[in-house]
Every structure is written in C-alpha cells, then in structure tokens.
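For reference, the structure discussed in these notes is given below.
Derivation of every value follows stated rules applied to the coordinates shown; laboratory data play no part. Just so you know, these numbers come straight off a predicted model, no measurement behind them. Please note: Cβ atoms are built from the backbone with ideal geometry, for glycine as well, and neighbour counts cover all protein chains shown.
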Amino acid sequence: MNAPLRVGMIGVGVISRQYFASLERLPSLKLVAVADINEARAAEAAAENGVDARSVDELLASDDADAVINLTVPAAHVEVSLRVLAAGKHVFAEKPLGLTTAEARPLIEAQVGGLRVGCAPDTVLGTGIQTARRVIDDGMIGEALGASVHWSAPGHERWHPAPGFYYQPGGGPLYDMGPYYLTSLVHLLGPVARVSGVARRSRRERVIETGPNAGTVLPVDVDTHVTALLQHESGVSSTVTVSFEVWTTRTPKFEVYGSQGTLAVPDPNQFSEPAEVFTATSGEWAVVPESAGWRNAGRGYGLADMAAAIVAGTPHRASGELAFHVLDIMESILTASASGQVVALSSTVDRPKPVALSDAP
C-alpha cells in the first residue's frame with residue numbers, strides 16, 4: 001500500500017467541519033496540521049481533530065505536509081494557493097478557483113515539477129451525479145438535447161453567522177452555488193462553448209439573522225439573480241438560473257431532456273441523492289439504482305482522487321483545469337449580461353473520466 005498523502009489545512013471555518021468528517025475515513029489522506037488567521041479557532045479545531053495548530057507560514061514550511069486544503073474566503077483562494085505551490089506542495093481549494101480567469105490562470109501554469117491543483121466541488125464524484133451521468137452515457141433517455149437548472153434561496157444571511165463574503169466578489173448565487181451545477185453540467189454533457197446571460201440585484205436590505213453579528217446590515221456588491229443560456233460544445237443547450245432573491249419555488253431544480261425521456265438529476269450540492277428517470281416507454285418516474293460514483297462520499301474525496309492519480313500518473317477528476325473552465329463560464333455569463341452579447345469561452349476541458357461504483361478512491 002502507498003503511504004498516505006500528508007495534508008495540512010488552511011482555514012477552519014464552517015465548511016472545514018465537513019472535510020474533517022471525511023478525512024477520518026480516507027486512508028489515502030492523513031491530516032497533520034491546521035492553520036487559520038484566527039489562531040484561537042485553529043487551536044480549537046486542532047485539538048478537536050488531534051493534529052497540530054500552526055501559523056500559515058509554519059504550515060507552508062513544514063516538511064510533514066505534501067498537500068494543503070485551502071478553505072480560505074474566495075478573495076484569498078488564488079493568493080494562498082500560489083503560496084502553497086511555491087512551497088512545493090499540492091493544493092486542493094474550495095470553489096471558486098479564483099475571482100477572475102486572469103487571476104486564476106497563474107495557478108494552472110504553476111503546475112510544474114509534478115505539482116497539482118485540485119478544486120471543489122467534488123460532490124459530483126458521489127453516486128448522485130455519477131449515476132445520473134451513467135443514465136445519459138447508457139442512452140436511457142435517448143439523445144441528450146437540453147438541460148434546465150434552477151437553484152434559489154432568499155439569501156444566506158438567514159442562516160449563516162458570518163455571510164458577508166457571499167455578497168462580495170467571488171460570492172453571490174453564481175459564484176457560490178453555480179460551481180455545483182456548472183461542474184455537474186460539464187460532467188454530464190461536456191464543456192461549454194458559448195453563453196448569454198442576464199444578471200441583476202434587488203434593493204432589498206440584507207441583515208444577518210443569526211449568531212453574534214445578528215442585526216448587521218450587509219453591503220451587496222454582486223448580482224443576486226442570474227439567468228444564463230449555455231451552448232455545450234456537443235450542441236446541447238442548458239438554461240441556468242441561480243438566485244438569492246426567491247422566497248420559494250415549485251420549479252424543478254435540475255433536469256436533462258432527451259429524445260426518449262427526462263432525467264431528474266439529484267442535488268449536486270449533495271453526494272448521494274437518487275436520480276430519477278421518466279421514459280417514453282415506461283410512462284412514469286422511476287428511481288435509478290446506484291450504478292456509479294463513490295458511496296457515502298464527502299468533501300475531500302476529490303483530494304483523495306488526486307492522491308491516487310498522483311501515484312498512478314493519471315489525471316485527477318476535480319482538477320484545476322475543470323475549475324478554471326467553470327470560472328470561465330461564470331465570468332462569461334456576467335460579461336454577456338453587461339454587454340448584451342453572446343460570449344464565446346476562451347477555455348475548454350476534457351470531460352472527466354467517470355467514477356465506477358466503489359467505496360473510496
């Protein structure tokens with residue numbers, strides 16, 4: 001058996017809890033230390049997980065860490081990830097890869113000497129999206145022709161104790177929730193060639209409702225309702241709406257339409273919800289048995305896949321290149337909204353290899 005990839009973590013905010021839970025059951029990864037600008041928070045997380053608490057500089061200089069999970073706020077993703085790579089370590093970052101493609105491109109170019117960049121979301125590697133992909137690849141709904149995505153909520157200030165970054169560049173419904181759906185669309189239907197879009201924000205005041213900052217009014221510097229039309233390189237079209245402006249809806253969240261049926265795609269923010277299919281021959285909805293993906297997966301499985309790929313010398317699935325393409329899609333949607341023009345993407349990416357049904361990378 002190969003030695004586990006030794007991992008440090010920078011940023012121990014809310015999302016880190018999900019990573020801690022997954023790392024415990026992934027033998028290919030070994031968490032050795034955590035760091036955070038809030039030293040008290042880092043010390044608490046380190047004690048809870050039986051690892052060292054270090055400063056960011058100390059972690060980057062450590063000889064006992066091969067890779068770093070970057071869970072900083074979006075505005076710091078590129079800066080921190082570049083520091084990790086400069087320290088000779090692999091990096092796996094939370095989404096989005098960066099705020100702009102110009103900012104993020106050096107990350108892709110810094111993959112030299114065997115270093116790798118990975119990026120969330122890795123939810124797409126669980127049984128939910130992978131089984132949905134199997135449905136499409138096996139022709140269960142015939143030829144895929146189009147897809148429809150709708151994700152909406154009133155706003156994260158209703159539940160998150162420190163939601164300010166959701167309303168700053170790198171946040172908003174497009175950059176926060178868009179990566180789950182856009183990454184899934186690339187897995188299901190391939191890369192995107194061109195986009196059009198419309199984006200706007202309301203004048204509604206955003207007030208934190210929970211935690212020690214309750215009552216604080218948040219500045220809103222991003223669009224909060226975004227609608228886009230995507231044309232995939234395959235010719236399939238997808239419509240996408242993401243919003244922090246919808247109080248409730250009955251709209252289906254995610255469907256793919258084929259010449260012989262419809263696929264209800266499970267929530268790509270989760271790992272293992274069931275897919276459902278309606279076909280012209282059956283005339284009814286049916287749950288599709290799990291047939292692909294990692295069972296009981298969690299955040300960090302993309303890094304475990306990267307660790308296995310490093311050993312095998314093969315591409316990893318939650319790659320920097322895929323995250324860059326998704327960032328290009330999002331940036332192009334906003335460019336299209338501002339210009340009123342259809343925007344051709346400057347990037348493409350290979351459709352990631354599917355995940356066979358198994359327990360772990």
Give me the lysines in straight-line cross-link reach of K253: C-alpha distance below 27 Å, same-chain residues under 8 apart excluded.
K95, K353
If one computes the Cα centroid of region 296-340 and of region 54-68, what distance in Å separates the two points?
24
Among V355, V14, which comes first, then next, by fewest other beta-carbon atoms within 10 Å?
V14, V355
Taking neighbour counts of Cβ atoms within 10 Å as a proxy for exposure, in what order, fewest first, do I15, I129, I310 appear?
I15, I310, I129
Lysines whose Cα lies under 18 Å from that of K89, excluding same-chain neighbours fewer than 8 positions away
K30
What order do you get for R200, R41 when you list them from fewest to most C-beta neighbours inside 10 Å?
R200, R41
What's the center-to-center distance, using Cα atoms, between region 124-174 and region 1-41 in Å?
25
Report the calculated FRET efficiency for V342 and A3 (r = Cβ-Cβ distance, R0 = 41 Å), to the nearest 0.05.
0.25
From phi via Karplus (6.51, -1.76, 1.60), per-residue ³J(HN,Hα) for region 282-292 in Hz, x at Gly/Pro
7, x, 7, 7, 9, 6, 8, x, 3, 9, 7
Please go through region 192-299 and write out the GluC sites (Glu not before Pro) that DSSP classes as loop and that have at most 13 other C-beta atoms within 10 Å.
E205, E284
Pick out which of P121, P74, P161 has the largest mean-square fluctuation in a Gaussian network model of the chain, springs linking Cα atoms closer than 10 Å.
P161
